[in-house]
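Asks: Below you'll find the structure I mean.
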């Protein structure tokens, strides 16, 4: 029986989503909790919509897990039982039996991240320090939005990705917009069908270089077209990044979307995050 879990976590204490021997990970923590509360004889492996890197947070992460048919639980009790054993920095918001054809990774249409920066003369609000990056130069939000126009659409993002052998770096970047909130935080929303490794934080490195005046807006588009890593593009710190949402099609289209994604990306690839 396939279950869908929607969850949130503060990534500060973890070495990313994926299980790594001897290191704390979000995946291993949840898998251990499932095995405990459901008394599983074998571990239940989670498949995630987007693997987050060390220090990256999530409000809208989605996973699926295939549980034995004889597991005795229901949607309400599974959430309550997990809440009792999970640490405070991981919350399973909902758990439900997945619709036919659902795959948390391949059925997704798009993923939405937000990167948060404080560019004031002193550090950010101490209560936000684990989720907001301090940039020491004032940022021009208008210039950042001008720069973003040059990288939207289906493009080869090799200049902003850490390459993996045999993996495509073509992605569809649907939104890259920056605004300053009432509290003064600079928030950049990044939406794409999927992300290759370090793509969001590299895009942010280029945007901040434009925003603080080191480069003009057109420079970011030229970097993209070069299709090679540029030493002037810095990978921004992980803790400013949060996965806010993963969007899926209607239930009747889940299986078709999963098949389409597999054909386009290839079975060895997953939609990576930062």
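Asks: I'd like the full set of residues that are under 21 Å from residue 143 (Cβ atoms) and either under 15 Å from the mean Cα position of the chain (by Cα) or part of a strand (DSSP E or B) (or both), limited to segment 175-198.
Replies: Passing the criteria: 175, 176, 177, 178, 179, 180, 186, 187, 188, 189, 190, 191.
Asks: May I pose another question? Picking from 80, 93, 116, which residue would you name as being touching a helix residue (DSSP H, G or I) at 6+ places or on another chain (Cβ under 8 Å) and over 20 Å from residue 53 (Cα atoms)?
Replies: Criteria check complete, one pass: 93.
Asks: I would also like to ask the following. How many of the residues in segment 252-268 are surrounded by 17 or more Cβ atoms within 10 Å (Cβ to Cβ) and modelled with pLDDT under 60?
Replies: Within segment 252-268, residues that are surrounded by 17 or more Cβ atoms within 10 Å (Cβ to Cβ) and modelled with pLDDT under 60 number 1.
Asks: Could you tell me how many of the residues in segment 1-40 are in a strand (DSSP E or B) and touching a residue at least 24 places away in the same chain (Cβ under 8 Å)?
Replies: The number of residues fulfilling the criteria is 8.
Asks: Can you pull out every residue in segment 214-250 that is touching a strand residue (DSSP E or B) at 6+ places or on another chain (Cβ under 7 Å), assigned to a loop (DSSP other than H, G, I, E, B) and either more than 21 Å from residue 158 (Cβ to Cβ) or at pLDDT 95 or above (or both)?
Replies: The answer is 236, 237.
Asks: Same structure again: Using beta carbons and a limit of 7 Å, which pairs, at least six apart or on different chains, have the first residue in segment 239-256 and in the same structural domain as residue 201 (by TED's automatic domain parsing) and the second one in a helix (DSSP H, G or I) and surrounded by fewer than 16 Cβ atoms within 10 Å (Cβ to Cβ)?
Replies: What qualifies is 239/12.
Asks: Moving on. Return the only residue of 86, 34, 40, 82 being modelled with pLDDT under 95 and farther than 27 Å from residue 260 by Cα.
Replies: Numbers: 86 fails: modelled with pLDDT under 95; 34 fails: modelled with pLDDT under 95; 82 fails: modelled with pLDDT under 95.
Going through 86, 34, 40, 82 in turn, the sole match is 40.
Asks: Next up: Looking only at segment 199-213, count how many residues are under 27 Å from residue 247 (Cα atoms) and either outside any helix (DSSP H, G or I) or touching a strand residue (DSSP E or B) at 6+ places or on another chain (Cβ under 9 Å) (or both).
Replies: Qualifying residue count, segment 199-213: 6.
The values are calculated or read from the model by the stated rules, or taken from the named source; none is laboratory data. Everything quoted here is computed from the prediction, not taken from an experiment. Note that each Cβ is placed from the backbone with ideal geometry, even for glycine, and that neighbours are counted across all protein chains shown.
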